[in-house]
Amino acid sequence: MSCTTELQRTADCIVVGGGVSGLMTARELAAAGLSVTVLERGASTGREASWAGGGILSPLYPWRYPHALTALVHWSQARFPRLAAALTEETGIDPEWTPSGMVYLGGTETEAALAWAASVGQTVEPLTPPQALELEPALAHPGTCALWMPEIAQIRNPRLLRALRAAVVRAGVSVLEDTEVLGLAVSAGRVRGVRSSRGRFEAPRVVVAGGAWTGGLLAGLPHAPAVGPVRGQMIVFHAEPDLLKRIVMKGAHYLIPRRDGRILCGSTLEFVGFDKSTTEAARAELHAAAIALVPALRAVPIEHHWAGLRPGSPGEVPYIGAHPELEGLYVNAGHYRYGLTMGPASARLLAELMLGHPPSIDPAPYALDAERGAEAPAG
């Protein structure tokens, strides 16, 4: 059992969940002067979906998504460089924000992508096959159609999570791990704290940022968020630097080159409940997809194969805001594939709503009682 500070039973706010949503929310609230306790069910903070993803700071095909999602993405994208620099200065841990750019291969959505880019002020450039190979010589023949988005960046998830944890502790946040929240403490129509595996913690405000576990924790409440687990598996190749310099996307698969040469390949999309195991079928699928994109990877060893559980939500739009009936309860969850990508905007918006500040982004689409277009992914 680990504990970063002396056990504190009372705070201005309890944040349930130590992933990117929880830690970024805690950072915002601490900066506003609140005392904050983060309760994390796992042995270490940030080891679920936040850790498991690829760290691409964009939706994979941004022109396919609703404005409610891209509004959070664009706000966050503009602030990630400063956030990464601040975390590096505060903690000595560099999250490796890297403006890699992204090459799309084999698509048929050039017109849709260009129209979207013109409407939101993003850069999308069509590429001929020779131009795509000039950008990335290691690619297999890119076919007849390619797109280039030079402004897309990436960040190295594990380093970001370590930096966020160190930063919030430095700011006075109490981070308690191995502390599973079992339920809310409620009296007279408002939340008073939480019941946990380590006893009761008191606070007039509780933020549930529990990722894929959020739906279960709040089940039975009116307007409970419909959040459920969606497994994704990834592999990483121990490649040499400069084999690949840019993120490459084709169909459902992508390659992400890290600064040290490692290349991630993702990902699968599986509705298997809370099963985080890996499968040989997924490993073979990802390995074949990677080799089809960069044939040289056939000779590169796979260093690691892992799985994570995305917090799926209806329409892939997160829940951010106050519970409409239970005073003092807030939610920041259901970001599906893009919790890290939308993290800064989601945390800032929730903090603004909690503190009564003018919101940076229209909060209406993220309300717990807002209409959502599709059913949540179910395990």
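The values are calculated or read from the model by the stated rules, or taken from the named source; none is laboratory data. Please read these numbers as outputs of a predicted model, since none were measured by experiment. Counting neighbours? That spans all protein chains shown, and the Cβs are built from the backbone with ideal geometry, glycine included. For accessibility, only protein heavy atoms count, side chains too; no ligands or nucleic acids. Shrake-Rupley method; radii C 1.70, N 1.55, O 1.52, S 1.80 Å.
Annotation: for a label point projected 7 angstrom from Cα along Cα→Cβ of Glu90, residues of segment 146-178 with backbone N closer than 14 Å are 160-175. Subtracting the Cα-Cα distance of Arg200 and Ala292 from their residue separation scaled by 0.36 nm leaves 27.8 nm. Computed 3J(HN,Hα) for segment 61-73, one whole-Hz value per residue from the Karplus formula 6.51 cos²θ - 1.76 cosθ + 1.60 where θ = phi - 60°, is 10, x, 6, 8, 9, x, 4, 4, 7, 5, 4, 5, 4, glycine and proline marked x. Placing +1 on the Cβ of every Lys and Arg and -1 on the Cβ of every Asp and Glu, with no other charges, gives segment 181-331 a dipole of roughly 300 debye about its Cα centre. In a reduced charge model with +1 at each Lys and Arg Cβ and -1 at each Asp and Glu Cβ, segment 282-343 shows a dipole moment near 360 debye about its Cα centre. Antiparallel as a % of all DSSP beta bridges within the chain, to the nearest 5? DSSP beta bridges in the chain are roughly 70 percent antiparallel.
Apply the a/c threshold of 1.5 to the C-alpha gyration tensor of segment 118-167 and tell me whether it is rounded, prolate or oblate. Here segment 118-167 falls in the oblate category.
Share of the chain's accessible area from carbon and sulfur, percent, 1.4 Å? The nonpolar share, carbon plus sulfur, comes to 52 percent.
Where a ≥ b ≥ c are the square roots of the eigenvalues of the C-alpha gyration tensor, would you call segment 15-82 rounded, which needs a/c under 1.5, or, failing that, prolate if a/b is larger than b/c, or oblate?
On the way: a/c = 2.47, a/b = 1.50, b/c = 1.64.
Oblate is the answer for segment 15-82, as a/c is 1.5 or above yet b/c matches or exceeds a/b.
Projecting the Cα atoms of Ala49, Tyr104, His67 onto the charge dipole of segment 39-114, computed from C-beta unit charges around the Cα centre, puts His67 farthest toward the positive end. Give me the net charge for the shell around Ala347: Cβ to Cβ below 13 angstrom, other residues only, Lys and Arg +1, Asp and Glu -1. Here the charged neighbours net out to +1.
Only helical runs count toward this figure. For the chain, summing -39,500 (n - 2.57) over DSSP H runs of n ≥ 4 and dividing by all residues gives -8500 deg cm²/dmol at 222 nm. Take the alpha carbon gyration tensor of segment 227-379, find the square roots of its eigenvalues, order them as a ≥ b ≥ c, and report rounded if a/c is under 1.5; if not, report prolate when a/b exceeds b/c, else oblate. Since a/c reaches 1.5 and a/b is larger than b/c, the shape of segment 227-379 is classed as prolate. Note on the chain: with charges restricted to the Cβ of Lys and Arg (+1) and Asp and Glu (-1), its dipole about the Cα centre is near 620 debye. Using a simple spin-label model with pseudo-atoms 7 Å out from Cα toward Cβ, Glu180 and His238 lie 3.5 nm apart.
Annotation for segment 70-144 versus segment 230-309: alpha-carbon center distance of 18 Å.
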